[in-house]
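Structure, as structure tokens:
The values are calculated or read from the model by the stated rules, or taken from the named source; none is laboratory data. Since the model is a prediction, treat every value here as computed from it, not as a measurement. Neighbour counts are summed over all protein chains in view; Cβ atoms, including those assigned to glycine, are modelled from backbone coordinates with ideal geometry. To get the accessible areas, we keep the full protein, side chains included, count just its heavy atoms, and leave off ligands, DNA and RNA. Shrake-Rupley method; radii C 1.70, N 1.55, O 1.52, S 1.80 Å.
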Amino acid sequence: MNPFYTDLFQELETGRDLCLATIIRQVGSAPRSLGTRFFVRKDGSFHGTIGGGRLEADVIKKCRQSLASRESSLEAFRLRGTDVAETDMICGGDVDVFVEPVYAQDCGARELFGAAVKVGARGGRALMVTPVLSGPVSGLEDRRILLVEGKEPLGTIHSLPGFAEELLRDFDAFFEQSGLILRSGTTPDGNLVDCFLEPILSRPVVYLFGGGHISLHLARLIKMVGFKLVVIDDRREYANPDRFPEADGIWTRDFNGVLDETELGPDAYVVIVTRGHLYDKEVLSQALSKETAYVGMIGSRRKRSLIYRALEEEGFSTEQLSSVHAPIGFDIGAETPEEIAVSIVAELIAVRARKTTALSLNASN
């Protein structure tokens, strides 16, 4: 999950009013794609970007006006001629931006965005549904729905009866693409209301076993490409926030039974780079008993053979062992710790991309 909603929720929790701006239509060579968004504070400061230049300046102005007037609006920007010359673009394009104020005292807004953050943190899938309605805004009541897979809808849009149920029937299909989806709902009097749907997925987590030299480089790259990161080592001097400031979690635990009380799940990536064969085998045997997206183990083919032979004697199947990426990482001729880290993270990215593609293909069948 993009951390946008986490940042937005934290702003609301600290009492700051915000205005959201989302590109819901884009034609030509506009600076950013459909679904790009940012939020603007009352003082004009902002988080994120929708492309910079003249377009962004104009949208910030509209957002500040929206916060003051307490009204949402759909703004059309036609970027031509001199307008293009004053942006960061080479050529022109058209964008429609939906501008919507959100106020910190709105308990419904905090509940809804907080629930979206939980989906991203704990796993699962959800759809954020927002009708493109211009006019006075007192809160998010009757203006958004969060559809969390397997749960009752959070929020309502009274002008679109039955819309949430319709979306739930086609829930899987809306994950064919990772960005914003446009869909129209029908009011009781037969009018169409445009809505934009944002698929929300949890951020995949890399469980990095071993805090040695390669892991120092791995940690930075793992976070750089958008994974959450948990570092695990049995030595406190190798598993601490000073050594891994970028980590979302640090476990100082004995490798024996380290995963006994932990559920991993389909968004978990296990990277095994401990300091010894016995530790690698111990962690691998536990990881093979869990649901994961990826398990990789560092070491030579000889080391792999020795560990696999021992695990087969313990009852693990050839099919289970063949699912492990070992030796870990793409074969790019890596030799230094930095190069090895690049090869491993490249493989993580590739597996994540294939997993996303597979999800899209399954949803479209």
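What the table below lists for this structure:
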item: Accessible carbon and sulfur surface of the chain relative to its total accessible area, %, 1.4 Å; result: 49 percent
item: Crossing angle, helix 107-122 versus the chain [Cα axis fit, 0-90 degrees, rounded to tens]; result: 30 degrees
item: Alpha-carbon radius of gyration plus Dmax, which is the widest Cα pair, for the chain in Å; result: 23.8, 73
item: Region 222-266 residues near the modelled Asp172 label - backbone nitrogen below 18 Å, point 7 Å along Cα→Cβ; result: 266
item: Computed FRET value (nearest 0.05) for Glu111 with Ala57, which takes r as the C-beta separation and R₀ as 41 Å; result: 0.80
item: Residue of Glu11, Glu100, Glu261 that the Gaussian network model of the chain assigns the largest fluctuation, springs spanning Cα pairs under 10 Å; result: Glu261
item: Evaluated at q = 0.18, 0.19, 0.21 Å⁻¹: base-10 log I(q)/I(0), Debye formula over Cα of region 255-346; result: -0.81, -0.90, -1.09
item: Degrees, to the nearest 10: 53-69 long Cα axis against longest axis of the chain; result: 70 degrees
item: Set of aspartates and glutamates near Lys281 by C-alpha distance (under 16 Å), chain-local residues within fewer than 8 positions excluded; result: Asp233, Asp234, Asp254, Asp260, Glu312, Glu313, Glu314
item: Additional length obtainable on full extension of the chain from Ser134 to Arg309, 0.36 nm per residue less Cα span; result: 56.4 nm
item: Centre separation in Å (Cα based) which lies between region 148-166 and region 306-336; result: 46 Å
item: Residue-normalised accessible area of the chain, expressed per residue, 1.4 Å probe, Å²; result: 48 Å²
item: Across Lys62/Lys228; Lys61/Lys223; Lys151/Lys228; Lys118/Lys303, pairs whose alpha-carbon gap is larger than 31 Å; result: Lys62/Lys228; Lys61/Lys223; Lys118/Lys303
item: Residue among Ala104, Ala326, Ala334 with the largest mean-square fluctuation in a Gaussian network model of the chain, springs linking Cα atoms under 10 Å; result: Ala334
item: Region 113-134-region 187-220 distance, computed between alpha-carbon centres (Å); result: 11 Å
item: Sparse-neighbourhood loop sites, trypsin sites (Lys or Arg not before Pro) in region 148-222 - DSSP loop, at most 14 other Cβ within 10 angstrom; result: Lys151
item: For Glu237, net neighbour charge (Lys/Arg +1, Asp/Glu -1) across residues whose Cβ lies under 14 Å away; result: +1
item: Within the chain, helix-based [θ] at 222 nm, where runs of 4 or more DSSP H residues each add -39,500 (n - 2.57), nearest 500; result: -10500 deg cm²/dmol
item: Whether region 195-322 is rounded, prolate or oblate, judged on the alpha carbon gyration tensor where a/c under 1.5 counts as rounded; result: oblate
item: On Cα atoms only, tilt of 213-224 relative to the major axis of the chain in degrees; result: 20 degrees
item: C-alpha center-to-center spacing [region 224-245, region 252-301] in angstrom; result: 15 Å
item: Packing rank of 37-50, 201-214, 12-25, where each peptide gets the mean count of other beta carbons within 10 Å, highest leading; result: 201-214, 12-25, 37-50
